[in-house]
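The values are calculated or read from the model by the stated rules, or taken from the named source; none is laboratory data. The model shown is predicted, which means the values in this text are computed figures rather than measured ones. When we count neighbours, we look across all protein chains shown, and the Cβ atoms used for this are built from the backbone with ideal geometry, even at glycine.
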Amino acid sequence: MRTFRYILAIGLISSYASISAQDDFIKAKIYADFINESVYVHDTTFNKKSELIIVSEIKNYDLGANLDIESLYDYLTGNTESNELFQLMKDKFGESPISYFYQIPWGNFGKLLAQDSTFGFLILELDTLLKEKYRLKYIDSIETKYKLKYTKGKTPGDSDSWDKFYSKNENCFGIIKLSDILISKNEKIAIFYTESYHYSLFSSGDLVFMELADNGWRILQYINIWRS
(Lines give C-alpha, C1' and ligand atoms only; values in the text may rest on other atoms or scores of the structure.)
Protein backbone atom coordinates (compact mmCIF):
# COMPACT_ATOMS: atom_id res chain seq x y z
CA MET A 1 0.00 0.00 0.00
CA ARG A 2 2.85 2.36 0.87
CA THR A 3 4.54 1.61 -2.46
CA PHE A 4 1.30 2.39 -4.32
CA ARG A 5 0.93 5.72 -2.51
CA TYR A 6 4.55 6.54 -3.29
CA ILE A 7 4.09 5.84 -7.00
CA LEU A 8 0.88 7.86 -7.01
CA ALA A 9 2.61 10.80 -5.36
CA ILE A 10 5.41 10.69 -7.93
CA GLY A 11 2.79 10.98 -10.65
CA LEU A 12 1.16 13.93 -8.93
CA ILE A 13 4.40 15.86 -8.44
CA SER A 14 5.53 15.66 -12.06
CA SER A 15 4.56 19.32 -12.42
CA TYR A 16 7.55 20.29 -10.28
CA ALA A 17 10.13 19.40 -12.92
CA SER A 18 10.72 19.42 -16.63
CA ILE A 19 12.60 16.58 -18.39
CA SER A 20 11.67 17.18 -22.02
CA ALA A 21 14.16 16.89 -24.87
CA GLN A 22 14.02 20.63 -25.49
CA ASP A 23 15.90 21.13 -22.21
CA ASP A 24 19.07 19.45 -23.54
CA PHE A 25 20.79 22.77 -24.26
CA ILE A 26 19.99 24.05 -20.77
CA LYS A 27 21.25 20.83 -19.21
CA ALA A 28 24.56 21.07 -21.06
CA LYS A 29 24.95 24.63 -19.80
CA ILE A 30 24.16 23.60 -16.21
CA TYR A 31 26.78 20.87 -16.28
CA ALA A 32 29.35 23.18 -17.86
CA ASP A 33 28.86 25.74 -15.09
CA PHE A 34 28.95 22.98 -12.46
CA ILE A 35 32.22 21.57 -13.79
CA ASN A 36 33.80 25.01 -14.08
CA GLU A 37 32.89 25.95 -10.51
CA SER A 38 33.69 22.63 -8.83
CA VAL A 39 37.04 22.22 -10.60
CA TYR A 40 38.03 25.79 -9.74
CA VAL A 41 37.24 25.19 -6.05
CA HIS A 42 39.14 21.89 -6.11
CA ASP A 43 42.23 23.40 -7.75
CA THR A 44 42.21 26.39 -5.40
CA THR A 45 41.92 24.14 -2.35
CA PHE A 46 44.64 21.68 -3.37
CA ASN A 47 46.92 24.11 -5.23
CA LYS A 48 46.49 22.32 -8.55
CA LYS A 49 45.94 23.41 -12.12
CA SER A 50 43.64 21.01 -13.94
CA GLU A 51 43.46 21.07 -17.69
CA LEU A 52 41.66 17.81 -18.44
CA ILE A 53 38.39 16.41 -17.05
CA ILE A 54 37.30 12.82 -17.61
CA VAL A 55 33.50 12.67 -17.86
CA SER A 56 31.13 9.71 -17.90
CA GLU A 57 27.48 9.10 -17.10
CA ILE A 58 25.62 7.42 -14.27
CA LYS A 59 23.04 5.16 -15.85
CA ASN A 60 21.20 4.23 -12.67
CA TYR A 61 21.55 4.66 -8.93
CA ASP A 62 19.46 3.71 -5.90
CA LEU A 63 19.32 7.01 -4.04
CA GLY A 64 17.14 5.52 -1.33
CA ALA A 65 19.90 3.11 -0.32
CA ASN A 66 21.78 5.98 1.34
CA LEU A 67 19.15 8.67 1.82
CA ASP A 68 15.92 8.42 3.84
CA ILE A 69 13.54 9.01 0.93
CA GLU A 70 10.54 7.60 2.81
CA SER A 71 10.79 10.18 5.60
CA LEU A 72 11.08 12.94 3.00
CA TYR A 73 7.98 11.55 1.30
CA ASP A 74 6.10 11.47 4.62
CA TYR A 75 7.10 15.06 5.37
CA LEU A 76 6.05 16.37 1.97
CA THR A 77 2.72 14.56 1.99
CA GLY A 78 1.86 15.55 5.57
CA ASN A 79 2.13 11.97 6.80
CA THR A 80 4.29 12.90 9.80
CA GLU A 81 1.99 11.42 12.45
CA SER A 82 2.60 7.85 11.27
CA ASN A 83 6.36 8.31 10.86
CA GLU A 84 8.06 6.72 13.90
CA LEU A 85 11.21 8.81 13.52
CA PHE A 86 9.31 12.09 13.49
CA GLN A 87 7.24 11.04 16.48
CA LEU A 88 10.39 10.06 18.40
CA MET A 89 11.93 13.46 17.68
CA LYS A 90 8.76 15.16 18.90
CA ASP A 91 8.26 13.06 22.03
CA LYS A 92 11.87 12.85 23.20
CA PHE A 93 13.40 16.11 21.99
CA GLY A 94 10.43 18.35 21.22
CA GLU A 95 11.69 18.79 17.67
CA SER A 96 9.53 19.41 14.61
CA PRO A 97 9.86 17.04 11.60
CA ILE A 98 11.82 19.55 9.52
CA SER A 99 14.63 19.45 12.12
CA TYR A 100 15.52 16.03 10.74
CA PHE A 101 16.59 17.60 7.46
CA TYR A 102 19.25 19.70 9.18
CA GLN A 103 21.11 16.55 10.24
CA ILE A 104 23.53 14.20 8.51
CA PRO A 105 23.26 13.11 5.74
CA TRP A 106 20.88 15.93 4.81
CA GLY A 107 23.28 18.59 6.02
CA ASN A 108 21.61 21.98 5.76
CA PHE A 109 18.91 20.82 3.36
CA GLY A 110 16.25 21.77 5.91
CA LYS A 111 16.90 25.41 5.06
CA LEU A 112 15.99 24.84 1.42
CA LEU A 113 13.03 22.67 2.34
CA ALA A 114 11.65 25.32 4.69
CA GLN A 115 12.05 27.88 1.93
CA ASP A 116 10.24 25.87 -0.75
CA SER A 117 8.90 22.31 -0.73
CA THR A 118 9.74 22.10 -4.45
CA PHE A 119 13.30 21.15 -3.44
CA GLY A 120 11.97 18.06 -1.67
CA PHE A 121 9.66 17.03 -4.48
CA LEU A 122 12.55 17.30 -6.94
CA ILE A 123 14.52 14.78 -4.84
CA LEU A 124 11.58 12.36 -4.91
CA GLU A 125 11.31 12.70 -8.66
CA LEU A 126 15.06 12.32 -9.15
CA ASP A 127 14.98 9.15 -7.04
CA THR A 128 12.55 7.68 -9.57
CA LEU A 129 14.48 8.98 -12.56
CA LEU A 130 17.76 7.46 -11.37
CA LYS A 131 16.23 3.98 -11.47
CA GLU A 132 15.34 4.30 -15.14
CA LYS A 133 17.56 3.50 -18.11
CA TYR A 134 18.46 6.49 -20.22
CA ARG A 135 21.22 8.01 -22.31
CA LEU A 136 22.60 11.51 -21.76
CA LYS A 137 22.23 12.63 -25.36
CA TYR A 138 23.60 16.10 -24.66
CA ILE A 139 26.78 15.04 -22.83
CA ASP A 140 28.94 15.54 -25.94
CA SER A 141 27.81 19.18 -26.21
CA ILE A 142 29.12 20.29 -22.81
CA GLU A 143 31.61 23.14 -23.27
CA THR A 144 33.81 24.12 -20.31
CA LYS A 145 37.01 26.03 -19.58
CA TYR A 146 38.75 22.66 -19.54
CA LYS A 147 39.33 19.92 -22.08
CA LEU A 148 36.79 17.13 -21.67
CA LYS A 149 37.39 13.48 -22.42
CA TYR A 150 34.45 11.08 -22.38
CA THR A 151 34.73 7.51 -21.19
CA LYS A 152 32.58 4.49 -20.42
CA GLY A 153 35.42 2.67 -18.71
CA LYS A 154 35.77 1.60 -15.11
CA THR A 155 37.11 3.91 -12.42
CA PRO A 156 40.67 3.12 -11.22
CA GLY A 157 40.72 1.35 -7.87
CA ASP A 158 44.02 1.11 -5.98
CA SER A 159 46.85 3.62 -5.82
CA ASP A 160 48.88 1.97 -8.59
CA SER A 161 45.90 2.13 -10.96
CA TRP A 162 45.44 5.83 -10.20
CA ASP A 163 49.14 6.54 -10.71
CA LYS A 164 48.90 4.93 -14.16
CA PHE A 165 45.73 6.94 -14.83
CA TYR A 166 47.45 10.25 -14.10
CA SER A 167 50.59 9.34 -16.03
CA LYS A 168 48.36 8.75 -19.04
CA ASN A 169 46.19 11.82 -18.39
CA GLU A 170 48.47 14.66 -17.34
CA ASN A 171 47.08 17.62 -15.37
CA CYS A 172 43.78 15.79 -15.02
CA PHE A 173 41.20 16.74 -12.41
CA GLY A 174 39.99 13.16 -12.21
CA ILE A 175 36.67 11.60 -13.20
CA ILE A 176 33.25 13.22 -12.91
CA LYS A 177 30.20 11.01 -13.39
CA LEU A 178 26.87 12.68 -14.14
CA SER A 179 23.31 11.48 -13.86
CA ASP A 180 20.44 12.87 -15.85
CA ILE A 181 19.15 16.18 -14.58
CA LEU A 182 15.81 17.63 -13.50
CA ILE A 183 14.99 21.29 -14.04
CA SER A 184 12.18 23.02 -12.16
CA LYS A 185 9.24 24.25 -14.21
CA ASN A 186 10.33 27.87 -13.74
CA GLU A 187 13.78 26.82 -15.08
CA LYS A 188 15.57 28.42 -12.12
CA ILE A 189 16.49 25.32 -10.08
CA ALA A 190 18.24 22.12 -11.21
CA ILE A 191 19.07 18.90 -9.39
CA PHE A 192 21.21 15.91 -10.34
CA TYR A 193 23.40 13.22 -8.80
CA THR A 194 27.13 13.24 -9.42
CA GLU A 195 30.18 11.24 -8.41
CA SER A 196 33.70 12.65 -8.30
CA TYR A 197 36.82 10.45 -8.30
CA HIS A 198 40.35 11.76 -7.73
CA TYR A 199 42.38 8.95 -6.18
CA SER A 200 42.12 5.84 -4.06
CA LEU A 201 40.05 6.82 -0.97
CA PHE A 202 39.41 10.27 -2.43
CA SER A 203 35.95 10.23 -3.99
CA SER A 204 32.36 11.17 -3.21
CA GLY A 205 28.77 10.96 -4.39
CA ASP A 206 26.55 14.02 -4.03
CA LEU A 207 23.18 15.44 -4.84
CA VAL A 208 23.68 18.88 -6.30
CA PHE A 209 21.20 21.74 -6.39
CA MET A 210 22.03 24.57 -8.77
CA GLU A 211 20.26 27.86 -9.27
CA LEU A 212 20.14 30.28 -12.18
CA ALA A 213 21.96 33.53 -11.42
CA ASP A 214 22.64 36.64 -13.49
CA ASN A 215 25.90 35.23 -14.89
CA GLY A 216 24.82 31.61 -15.32
CA TRP A 217 24.18 28.60 -13.10
CA ARG A 218 25.84 28.35 -9.68
CA ILE A 219 25.99 25.61 -7.05
CA LEU A 220 23.33 26.27 -4.43
CA GLN A 221 23.85 23.27 -2.14
CA TYR A 222 25.34 19.79 -1.95
CA ILE A 223 23.87 16.82 -0.11
CA ASN A 224 26.72 14.39 0.40
CA ILE A 225 25.53 10.80 -0.10
CA TRP A 226 28.81 8.95 0.42
CA ARG A 227 32.51 9.65 0.73
CA SER A 228 35.72 7.61 0.71
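Some points to look at:
- Candidates Asp206, Asp127, Asp180, Asp140, filtered to the one that is within 24 Å of Asp23 (Cβ to Cβ), under 15 Å from the mean Cα position of the chain (by Cα) and without any contact (Cβ under 8 Å) to a residue 60 or more places away in the chain: Asp206
- If you filter region 1-44 down to residues that are modelled with pLDDT of 95 or more and of a type in the set (S, T, N, Q), you find that the one that is surrounded by the fewest Cβ atoms within 10 Å (Cβ to Cβ) is Thr44.
- Entry remark, region 84-124: residues being more than 19 Å from the chain's Cα centre (by Cα) and under 27 Å from Lys59 (Cα atoms) number 0 in total.
- Residues being without any contact (Cβ under 8 Å) to a residue 60 or more places away in the chain and small (Gly, Ala, Ser) - total across region 143-176: 4
Table: residues versus (1) in a loop (DSSP other than H, G, I, E, B); (2) within 22 Å of Ile181 (Cα to Cα); (3) in contact with a His (Cβ under 8 Å, 6 or more places away or on another chain); (4) not polar (S, T, N, Q).
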| residue | (1), (2), (3), (4) |
| --- | --- |
| Thr45 | no, no, no, no |
| Ser50 | yes, no, yes, no |
| Ile53 | no, yes, no, yes |
| Ser56 | no, yes, no, no |
| Ser71 | no, no, no, no |
| Tyr75 | no, no, no, yes |
| Phe86 | no, no, no, yes |
| Met89 | no, no, no, yes |
| Ser99 | no, no, no, no |
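- Region 155-177 - residue that is farther than 21 Å from Ile35 by Cβ and loosely packed, with under 13 Cβ neighbours inside 10 Å and, of those, nearest to the chain's Cα centre (by Cα): Gly157
- The single residue among Ser82, Ser50 that is surrounded by 12 or more Cβ atoms within 10 Å (Cβ to Cβ) and over 17 Å from Ala190 (Cβ atoms) turns out to be Ser50.
- Checking each residue in region 58-69 for being in a helix (DSSP H, G or I) and either of a type in the set (Asp, Glu) or touching a helix residue (DSSP H, G or I) at 6+ places or on another chain (Cβ under 8 Å) (or both) picks out Leu63, Gly64, Ile69.
- Region 178-205, subset surrounded by fewer than 20 Cβ atoms within 10 Å (Cβ to Cβ) and of a type in the set (D, E, K, R), residue farthest from Val41 (Cα to Cα): Lys185
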